[in-house]
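Report on the following structure.
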């Protein structure tokens, strides 16, 4: 398993992680960890904010959280993004890689 950089703020109940998005993939899926980031493949194209919307929806569904709990902090116009998720723990994020393997 590759190293995944996940910061947890227990006072606020949030985790922050780096995500590397691959738009226009054949299906929405996790792609493991790459250079400290969680790689996510999305069907949506990277135009008109569709990949960002798909990313928020994918992570919300995967972690069983409302879409409002997932927020893109930075990287809205690039493939590498910082994402903050409310109501989950660092361990839940790391467990995603275990189930994906």
Report, ordered by the first and then the second residue, all pairs with beta carbons closer than 6 Å, sequence separation of six or more or different chains, a first member in the range 12-24 that is at positive phi and at pLDDT 95 or above, and a second member that is outside any strand (DSSP E or B) and exposed (fewer than 14 other Cβ atoms within 10 Å of the Cβ). 24/45
Could you please find all residues in the range 77-95 being touching a helix residue (DSSP H, G or I) at 6+ places or on another chain (Cβ under 7 Å) and modelled with pLDDT under 95? 92
Kindly check whether there is at least one residue in the range 42-53 that is closer than 20 Å to residue 10 by Cβ and out of contact with any helix residue (DSSP H, G or I) (no Cβ under 7 Å at 6 or more places or on another chain). no
Tell me, yes or no, whether the range 30-39 has at least one residue that is more than 20 Å from residue 65 (Cα to Cα), touching a helix residue (DSSP H, G or I) at 6+ places or on another chain (Cβ under 8 Å), touching a residue at least 12 places away in the same chain (Cβ under 8 Å) and crowded, with 18+ Cβ neighbours inside 10 Å. yes
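The values are calculated or read from the model by the stated rules, or taken from the named source; none is laboratory data. None of these values were measured; they are calculated from a predicted model. As a convention, Cβ positions derive from the backbone with ideal geometry for all residues, glycine included, and neighbour counts pool all protein chains shown.
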